[in-house]
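The values are calculated or read from the model by the stated rules, or taken from the named source; none is laboratory data. All values derive from a computational prediction rather than experimental measurement. Reconstructed Cβ throughout: ideal geometry from the backbone, glycine too, with neighbour counts over all protein chains shown. Each accessible area value is taken on the protein alone, full model and side chains, heavy atoms only, with ligands, DNA and RNA left out. Shrake-Rupley method; radii C 1.70, N 1.55, O 1.52, S 1.80 Å.
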Amino acid sequence: MARKRLSREDRYLIRVLGLFGEFRWRILMIIGIGIVGIVMFSFTPTFTRNIFNNLEESFDLNISPTMRFIYTQLVIFTVLALLNEVFQIICSFAIIRYENRAKHELVVKIKRKLDVVPVSFLDQFATGDLTRRVANLTGMLTRTVLMIIYRAARTVFFYITTAIAMFQISWILALVVIASLPLCIITAKLVSSRTQRYFNNNNQVIINSFSYMDKKVSLHNFYRTHGIDGAELEYEAHNENETRANIAEEVALGFNTIYITFIQNFMFLLVTVVFGILFVNGTLPEFGALPAFIVFSNRFLANAVIVTETTNLLQSLGPRAKKVFEILDYPDTMTEREHIDIERIGEIAFRNVSIERGGEKLLSNVSFRIPPGSSVAIVGAAGSGKGKIVEVLAKLEQYTGGQVAIDGVNLDEIKSDSYYPNFGIAFGLPFIFRGTVAENLLYGIRRTLPENVMQVTRRLGSHDFIAQLPNGYNTELSSDTTKLSVSQKQALNVARMVLKNPDLFVFNQALSSSDPVTEKDVIESIRKMNPRQTKIFVTHRLSSIENCDMIIFMAGGRAVEMGTHAELMKRKKRYYSAYTSG
């Protein structure tokens, strides 16, 4: 017999549940405690029945045995109800805590994945899409999942115990009430199959809207931001699409609630009518059975809302899970071959390295050798391929042809956790976090003496502006601080990497906001530091790298010229033209 294939929603739910694997035994214990509470609470209407039956026998409040029995029943009822609520609060708090811990672990997994996937994978995401997936969808993916499972488990045991209690009163009424459950499930399945597309569409429309808004505030779309090329009309179209998609999803959620409410009200009315007939005919003679069964049936029908909550969860889970797991499922092409540890980064060799994406050659048969301790400049116009060389060295891009070797070992076979401690890169976009200037300088660096820090900042020319800050090296900063200019933030970023003192230091247009004189002085200072350190400088300012041991001039994804500044100037080819025209 062929096994029934799981639906996409079921597969996503199983994968999301796998995120909580670390806490599974604690979660099962919490669910068990919750079940104990609901099982105790499910029998409370029987005490109501006993109270009313005793009141029917005698309304003389002076009969102490009767009143004593009633008081006892009330106390038991109250204690069970309170215990259930206490269990509910404790279990809910624990469930929320584990949901948040699972979210944290999921974000960490995604971050680790983004550290090793090639840049070409990241380039396929629209602006803002990747940020939203990590910042929003990861939390939405784990939120309420455990709570729904917890409530569903409690509800199942509540149904079992309630059904037993109802059958003890009247099997006819019990069957009428229980029949509402399969009716709710069938209707939920039918409605969800018709409304799933609204959840999928809303998720995609929101992504498009986020991407558009991010683009509007970027310099790349500066002119469109100011109304050129119909930007206002495009914004209105995105806003209208998002509004419609939100309304459609809310209407779909509303349908899920409406049918449950209708079934509840109809079945409650049917139970009342059947009960009246049975009571009049004498089939159900107990007076106390009336309020007890009304409470039983009302609770039974009210808990059918778990069908709606589960349906809504599965409908919204699918589109969200697809977007998150798309990142996690990307092949670990950057790490799957890693098996070699290295102690340091020595000679670097590119041998006919090529990168091809979508039929376009981003790098084409690039070959060069960088001896350890050399200072090398990689220059060329925007899009020439120099950035791709940096990405390959940083293990952020996978080359499609050729070989990159470190001391004769293939780069893609070197374990990242042994490579990165010896590798340092300073980008033009400075990384500044909330903390003091000193904490920013020493981020990711083992302890060092304050005089060593100031020795580096003095050599790089950044000590003077730091000393003029309100509290010097103890001045508090953040990513959006106005205390520093962009060029000063870049200077801190460069100083941090110099203090790290890696075997291979890549300066990737790290002082692009500084003036040419400052950049040249800093590059010269770095070039003269630590003769055992290999230094690669990527910049558009050719005057800054004249004294490097080797200059690689890139054009059209090819290394078209290599040599010292004097050699390249003597040849009077592309480098010469770029240098003299600049």
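Just a few scattered comments:
- Within-12-Å neighbourhood charge of ILE389 [Cβ basis; K, R +1; D, E -1]: +1
- When +1 charges are put on Lys and Arg Cβ atoms and -1 charges on Asp and Glu Cβ atoms, the dipole computed for the stretch 384-498 relative to its Cα centre reaches about 260 debye.
- Accessible-area order (highest first, 1.4 angstrom probe) of the listed residues SER462, SER513: SER513, SER462
- Look at the alpha carbon pairs under 8 Å that are at least 6 residues apart: their mean separation over the length of the stretch 423-561 gives a relative contact order of 30 percent.
- Net charge of Cβ neighbours under 10 Å - reference GLN88; Lys, Arg +1; Asp, Glu -1: +1
- Cut-off 16 Å, label 7 Å out along Cα→Cβ of GLU356, residues of the stretch 380-409 by amide N: 398-403
- Taking label positions 7 Å along the Cα-Cβ direction at both GLU524 and VAL86, the computed distance is 7.8 nm, reported to one decimal.
- Shape category assigned to the stretch 342-438 from the gyration tensor of Cα positions, a/c cut at 1.5: oblate
- Under the criterion of Cα pairs below 8 Å and six or more residues apart, the relative contact order for the stretch 393-489 equals 31 percent.
- Antiparallel DSSP beta bridges within the stretch 474-576, percent to nearest 5: 50
- Modelled spin-label separation between GLU347 and ASN281, with each label point placed 7 Å from Cα along the Cα-to-Cβ direction: 9.9 nm.
- Label-zone membership for the stretch 405-449, site ASN365, 7 angstrom Cα→C-beta point, backbone N under 13 Å: none
- FRET efficiency for GLU439 and ALA467, using Cβ-Cβ distance with R0 set to 25 Å, rounded to 0.05: 0.90
- Spin-label pair TYR420-ARG112: with each label point 7 Å from Cα along the Cα-Cβ axis, the two points sit 1.1 nm from one another.
- Cβ-Cβ FRET estimate between ASN298 and ILE14, R0 fixed at 30 Å, reported to 0.05: 0.30
- Prolate/oblate/rounded label for the stretch 477-528 (Cα gyration tensor, a/c 1.5): oblate
- Cα gyration tensor, the stretch 465-552 - rounded (a/c under 1.5), prolate or oblate: prolate
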